[in-house]
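Below is one structure, written out as structure tokens; comments come after it.
The values are calculated or read from the model by the stated rules, or taken from the named source; none is laboratory data. In this text the structure is predicted, and so the values were computed from the model without any measurement. Virtual Cβ from ideal backbone geometry, glycine too; neighbours counted across all protein chains shown. When the accessible area is computed, the model is the full protein with side chains, heavy atoms only, and any ligands, DNA or RNA have been set aside. Shrake-Rupley method; radii C 1.70, N 1.55, O 1.52, S 1.80 Å.
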Amino acid sequence: MKRSFPARRSARQSARRLRRALELGCALAFGLTVVLSGALARYDAVCRRVCRDTLRLHILANSDTPEDQLLKFTVRDAMLRAITDLTADAASQPAAVSAVEHALPYLQRTAEQAAGGRQPVQVSLETADFPAKDYGDFRLPAGRYTALRVELGQARGHNWFCVLYPALCVGAAGADYGDPDENALVFGEYQIRFALLDSLRALCG
């Protein structure tokens, strides 16, 4: 028995509605993919700028014994006092790196004096990959950073990390990055904005 004309028309209409719904869904998915790709690309670019504009301090203790960890903090305090004077007038990360590089012999002596001859000390500048790190008041993304590295003894104990430029770990008032996006990322206010959702809000509002 053949279906009636109204039934066939209803079936065609249902098929057209389904096709339109699928087409709309694909278009929305494609648009969201484009927006997310752009947002993530911007986020990655900001992360790279943070890495480029940061000078870190990395102190590696000899071991995890209480004595070795205490010595690590003694050396840390001496290094921070010395570096604060060196980088106080630095207007950029390259300037801070240059100041520290020229003062490496002085910083080596400072660390050795703080260690008091109890352990060998090696002070150097390095460029290395660091994992993401949460310091409580601020966070740094994973990436490749320039760092002042201080190795105590066999350098197998828990490490101590911080940021020399900008002067985030030496108590400098108002220390921050020059770029608003970098500040937002490091200090926890960065938001990836979805242009598609903004457009939908504008249409609905």
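Computed values, structure above
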quantity: Close pairs (7 angstrom Cβ cut-off, 6 or more residues apart or separate chains): acidic (D, E) in segment 40-63, open to solvent by less than 30 Å² (accessible area, probe 1.4 Å) anywhere; calculated: D53/Q93; D53/Y177; D53/E182
quantity: Residue in segment 15-37 that is at pLDDT 70 or above and under 24 Å from the mean Cα position of the chain (by Cα) present; calculated: no
quantity: Filter result for R42 (closer than 25 Å to P131 by Cα, open to solvent by 60 Å² or more (accessible area, probe 1.4 Å) and touching a strand residue (DSSP E or B) at 6+ places or on another chain (Cβ under 8 Å)); calculated: no
quantity: Hits in segment 149-205 (condition: part of a loop (DSSP other than H, G, I, E, B), modelled with pLDDT of 80 or more and over 16 Å from the mean Cα position of the chain (by Cα)); calculated: G153, Q154, A155, R156, G157, H158
quantity: Residues of segment 64-73 that turn out to be open to solvent by 60 Å² or more (accessible area, probe 1.4 Å), in contact (Cβ under 8 Å) with a residue 24 or more places away in the chain and in a helix (DSSP H, G or I), as a count; calculated: 1
quantity: Residue check, E112 over 30 Å from L185 (Cβ atoms), charged (D, E, K, R) and assigned to a helix (DSSP H, G or I); calculated: yes
quantity: Filter pass, A90 being under 27 Å from A184 (Cβ atoms) and free of Cβ contacts under 8 Å to residues at least 12 places away in the same chain; calculated: no
quantity: Residue match in segment 82-105 (condition: over 23 Å from P66 (Cβ atoms), aliphatic (A, V, I, L, M), surrounded by 14 or more Cβ atoms within 10 Å (Cβ to Cβ) and within 20 Å of the chain's Cα centre (by Cα)); calculated: yes
